[in-house]
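Enquirer: Attaching a single structure in structure tokens format; questions to follow.
The values are calculated or read from the model by the stated rules, or taken from the named source; none is laboratory data. Keep in mind it's a predicted model, so treat the numbers as computed, not measured. A quick note on method: Cβ atoms are made from the backbone with ideal geometry, for glycine too, and the neighbour counts reach across all protein chains shown. To get the accessible areas, we keep the full protein, side chains included, count just its heavy atoms, and leave off ligands, DNA and RNA. Shrake-Rupley method; radii C 1.70, N 1.55, O 1.52, S 1.80 Å.
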Amino acid sequence: MSTSSYDSYRPPEPDRRRKGKRRRRAGGPRGGDGSREMPVVPDAEFGSYYGRPVVKAPPWETDVAAYLFLGGLAGGSALLAAGAELTGQDQLRRSSRFAAIGAAGLGAVALVRDLGRPERFLNMLRTLKLTSPMSVGSWILAGFSGCAGLAAADEVDRTTGGRLPLGRLRPLLRGAGTAGGLGAGLLAPPLAAYTAVLLSDTAVPTWNEAREELPFVFVGSASLAAGGLAMITTSSAQAGPARVLAVVGVASELAASEVMERRMDETVAETLHQGRAGTMLQVSKALAAAGGLGTLLAGRWRAAGVISGVALLASSALTRLGFFEAGLRSAEDPKYTVEPQKRRLAERRAAGTTDDSITTGP
């Protein structure tokens, strides 16, 4: 700043910076000792508008939960039937084929009940959208049911001693039954797993948080259920593959469940241990362990095999129902949506990620 000889006659100027500070302090609240400013806006707490859930839960009821169990049971049974067809175990093939078409039929009924009208399911087959788990799953279910139906028709003719009025078409039915049984076996893993992908593709916190391990949990659950049912409906002499499938399913499901719960956000994982869902999942694990141990120790003892099979079937049903219930519970409470988001945001900021469209600086 330039000066002149007349500057010595000017009165001293007030300290504007000190006055400005004094004015700002006078306009806002102070700390108890006046040494610092107190925040005007209180810390934000999570919540939702008018107490409504942040996430809208899907309008699915127990029919969908039943379909989750029956679809897995159908897939596991078809896989077992295909193996029995290739190894020449007729009794196991027969019981598993009937189990596959029976479970698929009941599952389709449950699905149609949830949709309200049969034509709504048919409308889902008008197009195939590869990015939609529901569209792809509908086609998997339709293809599986067709293949399992051919295998079951062949099995009915075999069981009745060729009494169906087929004439020269009987050899054609034999070939179609074999092809259908193998085709159902190929579609069995996708049928058992796609429902897990369908749940994980939603915004429901528990289902979405378990998206990486849930398909393995469902496939393991389907395997132990199919093995358990075959142990009930098949003689001990031919139930060896069913026992192996059941034990592998128990080990897979328990291991995948443990990994899933360890990886999930701690707040969301609460839904798997609390309330009715927690009780069902806890009982499910106990039944799976007991059924698997009984399968290993019982061997060819028929009564023990039947009891173990019942325990495994109940375990699989409770796994699906419990996980379904836990997901709906997580959608009702906003904290299962907001707290994990705030935790992930803090982790991204702590890692230095503050320049993208998701995370901004504090």
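Enquirer: Does ALA286 satisfy the condition of being over 24 Å from ALA99 (Cβ atoms), surrounded by fewer than 21 Cβ atoms within 10 Å (Cβ to Cβ) and within 22 Å of the chain's Cα centre (by Cα)?
Expert: yes
Enquirer: Tell me which of these ALA222 doesn't satisfy, since it passes every other one: (1) under 30 Å from PRO53 (Cβ atoms); (2) in a helix (DSSP H, G or I).
Expert: Every condition holds for ALA222 apart from (1).
Enquirer: Just for the stretch 257-268: of the residues that are open to solvent by 50 Å² or more (accessible area, probe 1.4 Å) and not acidic (Asp, Glu), which one is nearest to LEU86 (Cα to Cα)?
Expert: Among them, the one singled out is VAL259.
Enquirer: Residues being closer than 29 Å to GLY76 by Cβ and surrounded by fewer than 13 Cβ atoms within 10 Å (Cβ to Cβ): count how many of those fall in the stretch 166-185.
Expert: Number satisfying all stated conditions: 2.
Enquirer: Is there any pair with a first residue in the stretch 79-90 that is modelled with pLDDT of 90 or more and a second that is open to solvent by 80 Å² or more (accessible area, probe 1.4 Å) and among the aliphatic types (A, V, I, L, M) whose Cβ atoms are under 8 Å apart and which are 6 or more apart or on different chains, and what are they?
Expert: ALA82/LEU186
Enquirer: Within the stretch 220-245, which residues are free of Cβ contacts under 8 Å to residues at least 60 places away in the same chain and surrounded by 19 or more Cβ atoms within 10 Å (Cβ to Cβ)?
Expert: Residue satisfying the conditions is GLY220 alone.
Enquirer: Another question about this same structure. Which of the residues that make up the stretch 246-256 are open to solvent by less than 10 Å² (accessible area, probe 1.4 Å) and under 30 Å from ASP333 (Cβ atoms)?
Expert: GLU253
Enquirer: Sticking with this one: Within the stretch 304-330, can you find the residues that are of a type in the set (A, V, I, L, M) and open to solvent by less than 50 Å² (accessible area, probe 1.4 Å)?
Expert: Selection gives ALA304, VAL306, ALA311, LEU312, LEU313, ALA314, ALA317, LEU318, ALA326, LEU328.
Enquirer: Which residues, taken from the stretch 156-179, are without any contact (Cβ under 8 Å) to a residue 60 or more places away in the chain and of a type in the set (D, E, K, R)?
Expert: Matches in the stretch 156-179: ASP157, ARG163, ARG168, ARG170, ARG174.
Enquirer: Can you tell me which residue in the stretch 110-141 is surrounded by the most Cβ atoms within 10 Å (Cβ to Cβ), limited to those that are farther than 15 Å from TRP60 by Cβ and touching a residue at least 40 places away in the same chain (Cβ under 8 Å)?
Expert: The extreme case among them is LEU141.
Enquirer: A further question follows. ALA196 fails exactly one of the following numbered conditions: (1) open to solvent by 50 Å² or more (accessible area, probe 1.4 Å); (2) outside any loop (DSSP other than H, G, I, E, B); (3) free of Cβ contacts under 8 Å to residues at least 24 places away in the same chain. What is the number of that condition?
Expert: Among (1) open to solvent by 50 Å² or more (accessible area, probe 1.4 Å); (2) outside any loop (DSSP other than H, G, I, E, B); (3) free of Cβ contacts under 8 Å to residues at least 24 places away in the same chain, the lone unmet condition for ALA196 is (1).
Enquirer: I'd like to check something: does the stretch 56-64 contain any residue that is assigned to a helix (DSSP H, G or I), buried (at least 23 other Cβ atoms within 10 Å of the Cβ) and either over 20 Å from the mean Cα position of the chain (by Cα) or free of Cβ contacts under 8 Å to residues at least 60 places away in the same chain (or both)?
Expert: No, the conditions are met nowhere in the stretch 56-64.
Enquirer: Confirm whether GLY105 is open to solvent by less than 30 Å² (accessible area, probe 1.4 Å) and either of a type outside the set (A, V, I, L, M) or not in a helix (DSSP H, G or I) (or both).
Expert: no
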